[in-house]
Structures are given as structure tokens and as C-alpha cells.
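Q: Can you keep this structure in mind? I'll have questions shortly.
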Amino acid sequence: MTYNRIISEVSFSKAVDIKRLGFIIKAIESYTKGDRKVLDVGCGNGLITMELGKIGYQVKGVDISNKTIDKAIANNNLTNVTFEVADVEVLSIQDVKYDVIICSEVLEHLKEPGKMLIILKRLLKENGILIVTVPNGKGPRELFITKPMQWLKTNTPQIWVIVDKVKHHLGYDGKTEQSDADDLTHIHFFTKKKLNKLSSDKGYSILKFGKANFLGDVFPFSFIMKKSLKLQYFDCNLADILPHYFTCGFNTVWKKNNAC
């Protein structure tokens, strides 16, 4: 089953999330063969995990958040999909390797993303792929929304209380469909150059760079676009033709440098 055949059935409601899922599925189909064993690291509510399970892959979703894993387990009815509250460092001492590892919207939240990548390398088969998606640290969303909001929250708590109430009133609760985790703070802000260096330093090569969207996650455009999936798709397509500096996120495929 291909991405196009399941697109009308996916759990995500935003075009940028559906685009990310499509990138992941196409990467798996393009770079791997056979019965793929997939690990979804930082799986959150398990939406990507379950979408891959619908296709027929054996998928394990792990997260350190009990809250999100409980939700994922409650929504899962697939026998080829499992969820577990687990740290990847614990998984790395088990004698199991994966054809595909997904690390979607995770690295930006970690204090030591490089440490995570080293562990994932041990879990990845020699010919396997690592799929990494992260926000563009100098893209529109991070520059105009994430960084200012995090600065306000840290440095002006009294103003933040007011801003937070306005956000909630407009329907922005700080959560995503992908994760209900309590803390979604962005610690690292990756550019294309930084991603290339990080991958190289940790023994990987990046096979493919994809783009997310342009202004779909930037207020006030997001307030307008969330009412129209067609506008969101237009925004995603626009990101594809603009220079990479203008995308809100990167979708990437990595492989191990086996000599490392």
C-alpha cells in the first residue's frame, strides 16, 4: 500500500503533518526492502507509529512520557504495533536492530541530541535508514513564534500569563496532534548546515532533505489557514519551491557511515 492510497484515512488533520508522514512512508519504500522492522523514537501519541502499522510494517513506538504512551496504547488496535515507555539507551543493550528508525520532531527537545544519535546508530541495521524531522531553527515558525514565546515565558512571566490566555482563547494550547507531552520546549535550533555537521560528526550521511511548510504555522497566517486544508497544501507546496531558509521544518533521511 502506498502513501497516496491511505492519505484519506490518516489521523493527522494538518497538511504539514500529512506531508511529513508521506515523506516518511516514501523514504521507507525508496531506501529499504522486504519485511521492515521499524522503531519510532519519541513517538508521542503514536499517530505516525499506527499509520505505518496500517501499511503492514512491524512498528514499535517508544517515548519517555507515560501520558503519551497511555494514549497511544488506548487508541491502538493493531497487532503489529506495540508501544512502550522506554529510554532508547535501555533499548540499545537489547539484541534487536531495526531497518528503519524514525526520530520525528524529537531532537530539538533534547539537551544532548548527539548522544541520542549515537545510541540510535547502535540500534540501526547496517543498511537501515534513520528518518529525522526537525524544525528549521532559522525558519519562519522558530523566528517569529517559538523563540519569542519561549523568551516571554522565561523572562516575563506576568506578560506570559496574559499571552497564554489569549493563545488558549484562539485555540492554541501548546499541544500537537503528535504529542500531548507536558514539556515541548525547543532547546536546539537546527539549520541545514548544523544538521549536516551533526550527522557527519556522529557517523551518518544525509541522503535526502525535504521541506515542511512556509507560513502555515506562523500566526496570524496559521489562524486563517487552519480553517482550510487547501490553503495548507498550497503553503506546503510553496515551501518546496522556495529556498530552504524559508521552510519551517526539515524532513531528512540518514544512513550510517559504516566505516565509522
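Q: In whole Hz, with x marking every Gly and Pro, tabulate ³J(HN,Hα) for region 195-209 from phi via Karplus 6.51 cos²θ - 1.76 cosθ + 1.60, θ = phi - 60°.
A: 5, 4, 5, 4, 4, 5, 4, 9, x, 10, 10, 8, 7, 8, 10
Q: Moving to a separate point now. Quote to one decimal, in nm, the extra length available between S205 and N258 on full extension: 0.36 nm per residue of separation minus the C-alpha distance between them.
A: Details: separation 53, 0.36 × 53 = 19.08 nm, distance 1.01 nm.
Between S205 and N258, full extension yields an extra 18.1 nm.
Q: Rounded if a/c is under 1.5, else prolate if a/b is larger than b/c, else oblate: which is region 1-113, with a ≥ b ≥ c the root eigenvalues of its Cα gyration tensor?
A: rounded
Q: 5 Å is the cut-off here: which amide hydrogens, built 1.01 Å from N in the peptide plane, fall below it relative to T191, excluding neighbours closer than 5 in sequence?
A: Hits under the 5 Å cutoff: G137.
Q: Only helical DSSP H runs with n ≥ 4 go in: add -39500 (n - 2.57) per run for the chain, normalise by residue count and round the 222 nm mean residue ellipticity to 500 deg cm²/dmol.
A: Mean residue ellipticity, 222 nm, calculated: -11500 deg cm²/dmol.
Q: Tell me the per residue accessible area of region 93-215 using a 1.4 Å probe; a whole number in Å² is fine.
A: Computed with neighbouring chains in place, this is 53 Å² per residue.
Q: Let's test the formula: R0 of 30 Å, r as the Cβ-Cβ distance of L238 and T154. What FRET efficiency results, to the nearest 0.05?
A: 0.40
Q: Evaluate the distance, in nm, between pseudo-label points positioned 7 Å from the Cα of S13 and of T79 along their respective Cα→Cβ axes.
A: 3.3
Q: Taking a ≥ b ≥ c as the square roots of the eigenvalues of the Cα gyration tensor of the chain, is the shape rounded (a/c under 1.5), prolate (a/b larger than b/c) or oblate?
A: Note, shape of the chain comes out rounded.
The values are calculated or read from the model by the stated rules, or taken from the named source; none is laboratory data. Since the structure is predicted, the reported quantities are computational estimates derived from the model, not experimental observations. Glycine also receives a Cβ, built like all others from the backbone with ideal geometry; neighbour counts cover every protein chain displayed. For the accessible areas, the whole protein counts, side chains as well, though only heavy atoms, and no ligand, DNA or RNA atoms are used. Shrake-Rupley method; radii C 1.70, N 1.55, O 1.52, S 1.80 Å.
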